[in-house]
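Worksheet for the structure shown next.
The values are calculated or read from the model by the stated rules, or taken from the named source; none is laboratory data. Quantities reported herein were computed from a predicted structural model and do not represent experimental measurements. Positions of Cβ are backbone-derived with ideal geometry, glycine not excepted, and every protein chain shown enters the neighbour counts. Surface areas here come from the heavy atoms of the whole protein model, side chains and all, with no ligands, DNA or RNA. Shrake-Rupley method; radii C 1.70, N 1.55, O 1.52, S 1.80 Å.
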Amino acid sequence: MITRKLFTRTGVVVLAVSVALATAIPAQAANVATERGSTPGVEIGVAKQIATRADTRYCLTFVAAASVPMAVMMACAPGKEGKTQEWIYTESGQLQVAMSKSVGGALAKTGACLDSGADLAKVPAAAPLLVLPCRSGDGQKWSYDESAGTFVNDASGLALTSLLGKGKAKQAQPTGSMGATGTPVQGWSALPLPGLDILGAVLALVNALLASLGLALPLPIANAAGSLLELVRPKLPIPAQMTVLPKQMMQLAQK
């Protein structure tokens, strides 16, 4: 019914559809957790979407919210629309945005990687994970336990956590760093890169619409993200390109 409305009604209904799908009822996340024995691990050197085991409809996504480059949780989108959700787990333990070296500019040599910032500054409470130029520090080193699916940061000792239901309603959901407990919100699995079917087209539209409207995080999380960025900036050159990199990647994928 939702898909039929999408193609037969006005843009107002499209917004309503995006709201329904983007939230994807996070409160029910625990009910759709995947059996751990059947979840594929994350392979070294292979570009994959990485989904939370708490709800495999949600993928780790690179965005620039309020000019802060960070990782959030958004509906997994297939095809070209999912390029900001593809990551490479490197030999050195980094989670690198797969297309980040392809757009050229200041990031052509380093690329962009998931960064806790814990080796550069005292991380504010509630700060999400940033995405910064790849570097050799422990803040970008993640030890992956394939059985539990956890990524534990070498600098902080905390696990990458999907905070489904902790963000604003009808918006992207935040990420965070917490002590490893082995719960599904800290488990991550690689997804095969999908083709674009009708459902995928709807999810792609959801993410594109949210991005165009501007992602909104709860104020404590948004403030903590901005504070962490300012704390690490004196110790790590961060080119202005970081704030437009997700858009550049999407534009390149459409060519």
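SER102 - would you say it is surrounded by fewer than 17 Cβ atoms within 10 Å (Cβ to Cβ) and under 26 Å from LYS255 (Cα atoms)? When the stated conditions are applied, SER102 passes them. For PRO246, the conditions (1) in a helix (DSSP H, G or I); (2) crowded, with 18+ Cβ neighbours inside 10 Å; (3) at pLDDT below 80; (4) not β-branched (Val, Ile, Thr) all hold with the exception of (3). Any residue that is surrounded by fewer than 20 Cβ atoms within 10 Å (Cβ to Cβ) and closer than 17 Å to THR175 by Cα - is there at least one of those in the range 111-121? Within the range 111-121, not a single residue is surrounded by fewer than 20 Cβ atoms within 10 Å (Cβ to Cβ) and closer than 17 Å to THR175 by Cα.
Just to be sure before I move on: is THR84 at pLDDT below 95, in contact with a strand residue (DSSP E or B) (Cβ under 8 Å, 6 or more places away or on another chain) and not aliphatic (A, V, I, L, M) in the structure I sent? When the stated conditions are applied, THR84 passes them. Quick one: what pairs do we get from the range 127-142, first residue among the polar types (S, T, N, Q), second open to solvent by 10 Å² or more (accessible area, probe 1.4 Å) and part of a loop (DSSP other than H, G, I, E, B), C-beta under 7 Å, 6+ apart or different chains? Pairs that qualify, where the first residue is among the polar types (S, T, N, Q) and the partner is open to solvent by 10 Å² or more (accessible area, probe 1.4 Å) and part of a loop (DSSP other than H, G, I, E, B), are GLN140/GLN94; GLN140/CYS134. Go through the residues of the range 150-163 one by one and say whether even a single one is surrounded by fewer than 20 Cβ atoms within 10 Å (Cβ to Cβ), touching a Lys or Arg at 6+ places or on another chain (Cβ under 9 Å) and not charged (D, E, K, R). Yes: one or more hits.
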